Amino acid sequence: MMSLKPRKCSGFALLELLMVFIIIGALASIAIPNYSGYKAKARSAQCEANRHNIELEEKAYFSIHDKPNLTIDNKYACLSGGIYVWLASDVEDPDYPKIGCSIHDAGLDKTSPVPTEPGYMKSEPKKQKKPKEPKKSKK
């Protein structure tokens, strides 16, 4: 008669594999939102660096040529898809040169065009619409 020997099982039990997947899922649920936040902060920091470099290039151009250039090189692009616009393009403005991003600067319109001449950003008073008068009913 043959004696029954206990079999040695190699491998992992289903419960062990399930626990590993649960732990990996929990860690991923914490890590993925943090990673997204870090990416957004990195894009914002790159945009800030781009704006600073554009302003430095404009200052250098103005100091050499005594006239504003106000062009933005194609090598500068907001990683979030924003558009750079001049906020202070007049050389008499104490903030000159000042550039903003349509995404990372609050209050800028995404469709703001890039100025082509000095003094572009000087705002004109907006015309107010007249309120409509109520229609007179005929009796």
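Quick notes
- Count of residues meeting criterion [modelled with pLDDT of 90 or more and in contact with a Pro (Cβ under 8 Å, 6 or more places away or on another chain)] in the stretch 56-77: 4
- Filtered by the rule that a residue be closer than 17 Å to Lys98 by Cα and surrounded by 14 or more Cβ atoms within 10 Å (Cβ to Cβ), the stretch 72-88 gives Ile72, Tyr76, Ala77, Cys78, Gly82, Ile83, Tyr84, Val85, Trp86, Leu87, Ala88.
- Residue within the stretch 91-102 that is in contact (Cβ under 8 Å) with a residue 40 or more places away in the chain and in a loop (DSSP other than H, G, I, E, B) present: yes
- Out of Ile54, Ile22, Ile32, Ile64, sole residue that is farther than 30 Å from Cys101 by Cβ and out of contact with any His (no Cβ under 7 Å at 6 or more places or on another chain): Ile22
- Residue selected from the stretch 78-117 under the condition hydroxyl-bearing (Ser, Thr, Tyr) and at pLDDT 85 or above, by the criterion nearest to Glu55 (Cα to Cα): Tyr96
The values are calculated or read from the model by the stated rules, or taken from the named source; none is laboratory data. This is a predicted model, so every value here is computed, not measured. Glycine gets a Cβ as well: all are built from the backbone with ideal geometry, and neighbour counts include every protein chain shown.
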